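Enquirer: Mind looking over this structure? Questions follow.
The values are calculated or read from the model by the stated rules, or taken from the named source; none is laboratory data. Since the structure is predicted, the reported quantities are computational estimates derived from the model, not experimental observations. Cβ coordinates were reconstructed from backbone atoms using ideal geometry, including for glycine residues, and neighbour counts include every protein chain displayed.
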Amino acid sequence: MAAGLASVLVLGFDKDSLPFQLWVPFVTVIPLILILGLTLSLKSVPFIEKLGDKDYAYSGLVLNIFFILFYLASLIYYLCTASD
């Protein structure tokens with residue numbers, strides 16, 4: 001969901017013409033979705049042995065961490081290149 005929302009915001013508008021109203025979901029909704037995904041992945045870790053979904057649970061956790069790092073890197077890149 002977070003990646004889809006970010007894609008719509010980034011692909012739908014040029015970086016120089018991104019309206020302020022679209023910054024609100026970009027800096028609030030997307031991080032909240034990412035944090036929710038990470039929280040739910042961490043809560044599922046105790047159930048791995050019980051349910052036997054070891055590969056699925058750990059891959060979800062790794063993907064959530066990757067998406068958070070990717071979001072932070074892209075946000076830092078955007079902020080550093082916005083003044084150019």
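Enquirer: Taking F66 as the residue in question, decide whether it is exposed (fewer than 12 other Cβ atoms within 10 Å of the Cβ), modelled with pLDDT of 75 or more and in a helix (DSSP H, G or I).
Expert: Working: exposed (fewer than 12 other Cβ atoms within 10 Å of the Cβ): yes; modelled with pLDDT of 75 or more: yes; in a helix (DSSP H, G or I): yes.
So F66 passes the test.
Enquirer: When both residues are 6+ apart or on different chains and their Cβ atoms are under 9 Å apart, which pairs have a first residue that lies in the stretch 48-67 and is touching a residue at least 60 places away in the same chain (Cβ under 8 Å), and a second that is assigned to a helix (DSSP H, G or I) and surrounded by 15 or more Cβ atoms within 10 Å (Cβ to Cβ)?
Expert: F67/A2; F67/L34; F67/G37; F67/L38
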